[in-house]
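This report concerns only the one structure given below.
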Amino acid sequence: MTSTAAPDLRVLLVVGSVRDGRIGPVVASWVRDRLVEHGGLDVDVVDLLDVDLPASLDGSGDTEAWRARVGAADAVVVVTPEYNHGYPGYLKTAIDSVQGEWRGKTVGFASYGGAAGGTRAVEQLRPVFTECHVHSVRDQVVLPNVWELIGEDGTLDGERAEASAKAMIEQLVWWGSALRSARAAAAV
């Protein structure tokens with residue numbers, strides 16, 4: 001008897017900040033744990049600090065490998081800080097370095113920062129992803145005053161964000177599965 005269960009949904013988890021002293025990897029680790037706990041997800045974590053993308057968008061550096069990782073994903077979660085009421089410039093370079101590989105995917109967000117918790121960064125990212133033909137899920141993880149949530153052991157206490165993480169992941173899975181099916185049907 002063969003299994004008819006769908007393969008795991010492939011989720012690309014992107015650490016969007018490359019600054020010194022950044023908190024993104026701590027937040028991404030917490031989000032990754034939530035994704036793994038959900039089950040049925042194949043999580044690929046990419047830290048943009050480790051990806052060489054030229055600002056010229058000329059396709060050199062790690063551009064092809066980055067495009068391949070986006071192309072292999074069914075869904076994406078972007079972990080982003082808010083810098084000067086916006087998102088990191090290198091994250092924009094990463095988005096713009098990819099072309100058709102974004103099309104027909106879904107994206108969720110985990111944002112962090114000061115009092116606004118990165119919400120202004122996400123509100124700017126939503127139309128950017130829409131232009132790339134990516135559906136963004138409504139619910140997002142918001143971590144205001146994030147430095148207050150990091151313990152002495154360097155881990156994030158995201159208890160107050162558990163419900164929003166669960167909601168975001170459920171929406172990501174629903175949309176990711178639906179869009180994967182739609183992409184497969186369109187390829188026929």
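The values are calculated or read from the model by the stated rules, or taken from the named source; none is laboratory data. Note that the structure is a prediction, hence the values are computed from the model and not measured. Positions of Cβ are backbone-derived with ideal geometry, glycine not excepted, and every protein chain shown enters the neighbour counts.
Looking only at residues in segment 159-174 that are among the small types (Gly, Ala, Ser) and over 10 Å from VAL142 (Cα atoms), the one that is surrounded by the fewest Cβ atoms within 10 Å (Cβ to Cβ) is ALA163. The listed residues are SER164, SER181, SER177, and the only one of them that is assigned to a helix (DSSP H, G or I), among the hydroxyl-bearing types (Ser, Thr, Tyr), closer than 17 Å to LEU12 by Cα and modelled with pLDDT of 95 or more turns out to be SER177.
Just to be sure, is ASP58 in contact (Cβ under 8 Å) with a residue 24 or more places away in the chain and not in a helix (DSSP H, G or I)? For ASP58, the condition - in contact (Cβ under 8 Å) with a residue 24 or more places away in the chain and not in a helix (DSSP H, G or I) - is not met. Only residues that are under 18 Å from ALA94 (Cβ atoms) and assigned to a loop (DSSP other than H, G, I, E, B) were counted across segment 29-55, and they come to 5. No other residue among LEU41, LEU49 is at pLDDT 95 or above and either in contact with a strand residue (DSSP E or B) (Cβ under 6 Å, 6 or more places away or on another chain) or under 14 Å from ALA110 (Cβ atoms) (or both) apart from LEU41.
Per the conditions (1) within 15 Å of the chain's Cα centre (by Cα); (2) modelled with pLDDT under 95, the sole criterion not satisfied by GLY158 is (1).
Yes or no, residue by residue, for (1) closer than 24 Å to ALA186 by Cβ; (2) within 12 Å of the chain's Cα centre (by Cα):
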residue	(1), (2)
GLY71	yes, no
ASP74	yes, yes
THR93	no, no
TYR112	no, no
ALA115	no, no
PHE129	yes, yes
